[in-house]
Amino acid sequence: MCQSRNVIKKATRNGKRRFLCKENNHWFVINFNHHKPPHALLWVQHIDALPFRKLGAENNYSGVQIYNKVIPQLKNLPDNLEVTKEFCDMEKMSGILIVDGKFVKVKGYKDKIPFIYGTDYEPHDIVHDQLSLSEGSNAFDKFFKELKQVNYPLKIVVSDDRAGLKTACLRHYPGVLFQTCVGHYMEGLRKLLSTRTDDKYQHFLNSLKLHVFTEPHSLAEAIQGLIYIRDNHGQTDPTVQNIILEIHARQDEFFSYHKIPNCPNNTNLIELLNSHLNGRLETIKGFSSFHSAALWLNAYVLRRRTLKFTDCDEKFKHLNGKCSLQMTIKKQPLWAIILEKLYRIKIPKTGFQEPRI
């Protein structure tokens, strides 16, 4: 550089300012953001909402550069199950496990592969998750085997009707109860009876939902509800009669929730989590490998476990302002250690503060 001070400043764009040296008529550029360090919580910003390219634009890096900075951060995160094992007090778990899966797109696989995870109902805490090649018995066997190894006190599994889940679970938790999601079952009936276009069976389904799956507080009351519906809707209709017989034959899986206090008969809680995860997966549009998918999903679950609830209603209002993992840790001082592990920041012992991003 000529060291001349006889220069003209031009416009600034993306932190770069153009100058014209009047002594030698030479244009040059100075990048004032060149030495700006990337944010320490890039992985959090990415998991929350920002694609690599947009995150790069905000930090004056390319999308590839941000990717190369975020991936090491994801690799440094602890495994979700290890967090459950090391920090969680199993006596604070309800043992009511809602299990569901989400299919994700991964390069190299013809079909989407399942991401299975389980949420403890009372604290809403995602105690375990697993990316698998298929949703068969082997995948569920591994899932429940690992849950057993961390001494999770499983009492009942609430899920939709998934092949292989019950058999796999009983290998590791003999005598555990199972509750089939009545929401999924009722939706199946709506499709079977074409109630979206034909209202012939609409009144029957409304009565079934009310008198069998909503109002009863015991198995005996649910059976009475079935009898009431049979007498009022199934006297001459074989379709209704067959549905009533099926529900009665499967009463152990439709009404197990009556045996466990505060147990739901649906998977609505995890469906809410699925809707949020869906939104993020749509922006990602697939993963480059099984390993990268597992890294991202592990980070996603850890982030969800350390985010404050804001819109819980009815009997879960007490969770608002708290995090699910915060509800299940062994001792409150551990909270600072957990957040330091995840966010690389010091947290005052007086309580949790949302990481500044």
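Some notes on this structure:
- Any hit, region 90-109, residues being within 19 Å of the chain's Cα centre (by Cα) and of a type in the set (Lys, Arg): yes
- Here Phe316 meets each of (1) surrounded by fewer than 16 Cβ atoms within 10 Å (Cβ to Cβ); (2) part of a loop (DSSP other than H, G, I, E, B) with one exception, condition (2).
- Residue in region 269-285 that is nearest to Gln179 (Cα to Cα), counting only those that are in contact (Cβ under 8 Å) with a residue 60 or more places away in the chain and loosely packed, with under 13 Cβ neighbours inside 10 Å: Asn278
- When restricted to residues that are touching an Asp or Glu at 6+ places or on another chain (Cβ under 9 Å) and under 21 Å from Lys148 (Cβ atoms), region 166-210 contains 9.
- Residue match in region 78-85 (condition: hydroxyl-bearing (Ser, Thr, Tyr), touching an Asp or Glu at 6+ places or on another chain (Cβ under 9 Å) and outside the structural domain of Leu273 (by TED's automatic domain parsing)): yes
- Across region 128-177, the number of residues qualifying as hydroxyl-bearing (Ser, Thr, Tyr) and either in a strand (DSSP E or B) or touching a His at 6+ places or on another chain (Cβ under 7 Å) (or both) comes to 1.
- Val301 being surrounded by 19 or more Cβ atoms within 10 Å (Cβ to Cβ), touching a Gly at 6+ places or on another chain (Cβ under 6 Å), part of a helix (DSSP H, G or I) and at negative phi: no
- Among residues of region 124-142, those that are of a type outside the set (A, V, I, L, M) and more than 14 Å from the chain's Cα centre (by Cα), counted: 9
- If you go through region 233-260 and pick out every residue that is more than 14 Å from Leu205 (Cα to Cα), among the small types (Gly, Ala, Ser) and either surrounded by 14 or more Cβ atoms within 10 Å (Cβ to Cβ) or at pLDDT below 90 (or both), you end up with 1.
The values are calculated or read from the model by the stated rules, or taken from the named source; none is laboratory data. On a predicted model such as this, the values are computed, not experimentally measured, just so you know. Glycine gets a Cβ as well: all are built from the backbone with ideal geometry, and neighbour counts include every protein chain shown.
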